[in-house]
Structure formats: structure tokens, C-alpha cells
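A short worksheet on the structure shown next.
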Amino acid sequence: MTITEENYLKAIYKLAEEEPGQDVSTNRIAAALTTRAASVTDMLRRLADKQLLEYEKYRGVRLTPEGRRLALLTVRKHRLWEVFLVQQLGFNWDEVHDVAEELEHVQSPLLMRRLDEFLNFPTLDPHGDPIPAENGAVRRPAHRLLAELGVGECGTLASVKDTSAPFLQYLDKMGLPLGARVRILEKIAFDNSLEVQINDERTVVISAEVGRNLFTA
Ligand SMILES: [Zn+2]
């Protein structure tokens, strides 16, 4: 497997997660990887030849069980490295993604097993996303978007939908870390912004867009 092939499988896996049961279109893959549709088509044929996905020209693609297994292996490596960077090297959660994008391609099952053990077998990455097991098993918890909680409802911030650095930096600035207790005090009718109480002590107002990018448990 080349780095590019691994990135394709991972991107297709993530796109398929967004719309379960649907085939992933070439255009969505091209957009996710910021590349031209023509080069996407070439790569899809190659991955189909290797039996890692099924590809039909106008319908899109779906991963085969082997393709999915390899995609999840890359996701697993990515997320374990993110935990390592935050817990052991003092990176902030907005600084780890790009480094992990490179580290996820290191090919050493032994290294990953040792890293997993060293980290004491974490189940979540710093963004609250589940770390797939070595056999590809992954448990996606049933989280609700903060924006979907009703007035008076409580929850705990569990993961972020948007993992971009600007969003994570905004959460740091607002004092909204994962694990914080939140309660919806009011939904502002004018623009759907949310008045939220944090850890029973202070109140912040966040936009509806921020509420749609935070998951609660
Ligand atoms: Zn990441």
C-alpha cells in the first residue's frame, strides 16, 4: 500500500460514515482530497483491481471488507498517535492532526502494539473519536449534537464534529473542553444561538453553528 492509497481508503471510509448505506461519489472523494476527478478515477480503478473497493462508474464506490479493514487500521494509527502527542509530548489538541497525518503511514505493527500498550490502551482520541481495535472493530457512541438538546437539558461534551484547528482554538478560548457539563439555558429565537451553562458555574452564548459541531453524551 502506498501513502496515497491509504489516504484514499481512509477518506472513502469517512465519507461513507457521513452517509451510511450510500455509495460514495467520485466528486465527493475529489473534494475531500482536493484533487481532480480524473485522477480520482484512476486511483479508484487501481484500488478496485486490488479488491479493496467496488467501483461502478456512475454509481460511486463502496469499500470491500478488506478495504474497510485497512482504512480502519490507518484511522487507528492516526488516533493513537494523536493521543501520544497530547498525553506524552504536550501538544495541544489543535496541533496534532497534521503530524498524525504523517505518522499514520508508518508501517510497523509491532510499533503500534507497543504504542497502544504504552498509552494503556486508550479508547478515544483527543477529539473524542473512538480508536478502532486492531481487528477493525469500532464502536461509534450514540452522541447527540449540543444544538439538538432542549432547553433545560444537560449533557457532557463528548466529541467534536469539526476537528479543524480554528474550531478547537475557539473552544479553548471559550473554555469548552471535552468532559465539561453543559446545560441549555435558552435558545435565542432570533438566530438560534444557545445560552449554555458550563459546569454549573458560568454561562456562555455560542452560535447555532458551534452547537452543531459539538457532540454530547
Ligand atoms: Zn486527526
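Where the second residue is in a strand (DSSP E or B) and among the aromatic types (F, W, Y) and the first is over 19 Å from V160 (Cβ atoms) and lies in region 58-83, which pairs have Cβ atoms under 9 Å and are six or more apart or on separate chains?
These pairs meet every condition: V61/Y55; R62/Y55.
Answer yes or no: is there a residue in region 117-125 that is aliphatic (A, V, I, L, M) and away from the ligand (no atom under 15 Å from the Cβ).
For region 117-125, residues aliphatic (A, V, I, L, M) and away from the ligand (no atom under 15 Å from the Cβ): present.
Of the residues in region 141-186, how many are in a loop (DSSP other than H, G, I, E, B) and more than 16 Å from the ligand (Cβ to nearest atom)?
Result for region 141-186: 13.
Show the residue pairs meeting these rules: Cβ distance below 6 Å; 6+ apart or different chains; first residue within region 161-176 and among the aliphatic types (A, V, I, L, M); second residue at pLDDT 95 or above and within 13 Å of the ligand (Cβ to nearest atom).
Pairs found: A165/D94; L168/W93; L168/D94.
So, in region 75-113, of the ones that are within 14 Å of the ligand (Cβ to nearest atom) and in a loop (DSSP other than H, G, I, E, B), which residue ends up surrounded by the most Cβ atoms within 10 Å (Cβ to Cβ)?
Checked region 75-113; the qualifying residue surrounded by the most Cβ atoms within 10 Å (Cβ to Cβ) is V96.
Of the residues N213, N135, which single one is more than 18 Å from V86 (Cα to Cα), modelled with pLDDT under 95, in contact with a helix residue (DSSP H, G or I) (Cβ under 9 Å, 6 or more places away or on another chain) and of a type outside the set (A, V, I, L, M)?
N135
Provide a single number: the residues in region 126-138 that are open to solvent by 10 Å² or more (accessible area, probe 1.4 Å) and within 16 Å of the ligand (Cβ to nearest atom).
Selection size over region 126-138: 4.
The values are calculated or read from the model by the stated rules, or taken from the named source; none is laboratory data. Note that the structure is predicted; figures quoted are calculated from it, not measured. All Cβ positions, glycine included, derive from the backbone under ideal geometry; neighbour counts span all protein chains shown. The accessibility values were calculated without ligands, DNA or RNA, using every heavy atom of the protein model including side chains. Shrake-Rupley method; radii C 1.70, N 1.55, O 1.52, S 1.80 Å.
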